[in-house]
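See below for the structure under consideration.
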Amino acid sequence: MSLLKLKDVSLNYHSPKGETQALKNISFEVKENEFIAIVGPSGCGKTTILSLIAGILKPSSGEIIKNDDGENFIGYMFQRDHLFEWRTIWQNVILGLEIQKKKNAQNFEYLNKLLQKYGLYDFKDKFPRELSGGMRQRVALIRTLALNPKVLLLDEPFSALDYQTRLNVCDDVNNIIKNEKKTAILVTHDISEAISMADRIIILTPRPAEVKKIITLNLQKYGTPFNRRECSEFSKLFNEVWKDLEN
Ligand SMILES: Nc1ncnc2c1ncn2[C@@H]1O[C@H](COP(=O)(O)OP(=O)(O)OP(=O)(O)O)[C@@H](O)[C@H]1O
Ligand SMILES: [Mg+2]
């Protein structure tokens, strides 16, 4: 089932200095429980696509069809974790519930369960500065999950982490997304990351971004992102994506 569909979406930014065309006729669809990675040259329009899907921007032309009428269809996770340093981990993860006036026993129970399942329960009363970078990203993800969104938008969520941490957090985040049965759209500069996590990779051209190619991967059988990086098809896929990004 298609959960989300972009049909010939274009977007122009208007500013006093003039018009910037960011996206040109972008079309793709996202199926339920699918993991999509979007890769493209720097400044090509990747974040703009996520902003459109989140409803923060409206397309200049084309349409975005969401196959769902739930109010919290989308959850957004950014490059920086945006945790509030003066709030404890618990106070951070309930932030969305607080804003939407949904603090109740059932939602708290769900959050406690997530914290337990993903090794953060004992850190509930700590402050963000007491946690490692990887743990902080897990907290940020759990805060996003609190409102039970169907689709998670991840905008380079690992790029601020060092390489070793990044590999671990990839595995953790992937595990959480699969366990909680979420659909995910990941924007990344990192080709290896895209291959190790996604079901399909959407490759964009330089700005204004157009869809250059969509590659379907069949690496689920290898399990975790870490294991997928070790598989025999990996380097061939890497070269394919790399070449498409180069020219
Ligand atoms: N609010 C805005 N007003 C005008 N131009 C904008 C605005 N936001 C982004 N742009 C321009 O639109 C283009 C696409 O921006 P976008 O942030 O979507 O790219 P990106 O692929 O996410 O870039 P990066 O790789 O740096 O994250 C860029 O040239 C950017 O300068
Ligand atoms: Mg961006």
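The values are calculated or read from the model by the stated rules, or taken from the named source; none is laboratory data. Note that the coordinates shown come from a computational prediction; the quantities given were computed from them, not determined experimentally. Positions of Cβ are generated from backbone atoms using ideal geometry, with glycine treated the same way; all protein chains shown enter the neighbour counts.
Remark: pairs (first residue in the stretch 56-73, without any contact (Cβ under 8 Å) to a residue 40 or more places away in the chain; second residue of a type outside the set (Lys, Arg); Cβ separation under 8 Å; 6+ apart in sequence or on different chains) = LYS58/LEU52. If you filter the stretch 34-83 down to residues that are assigned to a loop (DSSP other than H, G, I, E, B) and of a type in the set (Gly, Ala, Ser), you find that the one that is modelled with the lowest pLDDT is GLY70.
Hey, among the residues in the stretch 189-202 that are surrounded by 24 or more Cβ atoms within 10 Å (Cβ to Cβ) and within 14 Å of ligand 1 (Cβ to nearest atom), which one's nearest to PHE238 (Cα to Cα)?
Of all residues in the stretch 189-202, those surrounded by 24 or more Cβ atoms within 10 Å (Cβ to Cβ) come to 194-198, 201-202.
After this cut, where a residue has to be within 14 Å of ligand 1 (Cβ to nearest atom) as well, the list is 194, 202.
Numbers: ALA194: 9, ILE202: 14 Å.
Here the answer is ALA194.
Only residues that are closer than 16 Å to SER196 by Cβ and either modelled with pLDDT of 95 or more or not charged (D, E, K, R) (or both) were counted in the stretch 138-172, giving 12.
Of the residues LEU154, LEU245, LEU141, LEU237, the single one that is assigned to a strand (DSSP E or B) and touching a strand residue (DSSP E or B) at 6+ places or on another chain (Cβ under 8 Å) is LEU154.
ILE202 passes every criterion in (1) within 16 Å of ligand 2 (Cβ to nearest atom); (2) assigned to a helix (DSSP H, G or I) apart from (2). Within the stretch 152-164, the set of residues being aliphatic (A, V, I, L, M) and either within 16 Å of ligand 2 (Cβ to nearest atom) or buried (at least 23 other Cβ atoms within 10 Å of the Cβ) (or both) comprises LEU152, LEU153, LEU154, ALA160.
Looking only at residues of the stretch 84-100 that are among the β-branched types (Val, Ile, Thr) and assigned to a loop (DSSP other than H, G, I, E, B), we find that the one that is farthest from LEU120 (Cα to Cα) is ILE94. Number of residues in the stretch 34-60 that are within 13 Å of the chain's Cα centre (by Cα) and more than 13 Å from ligand 1 (Cβ to nearest atom): the value is 4.
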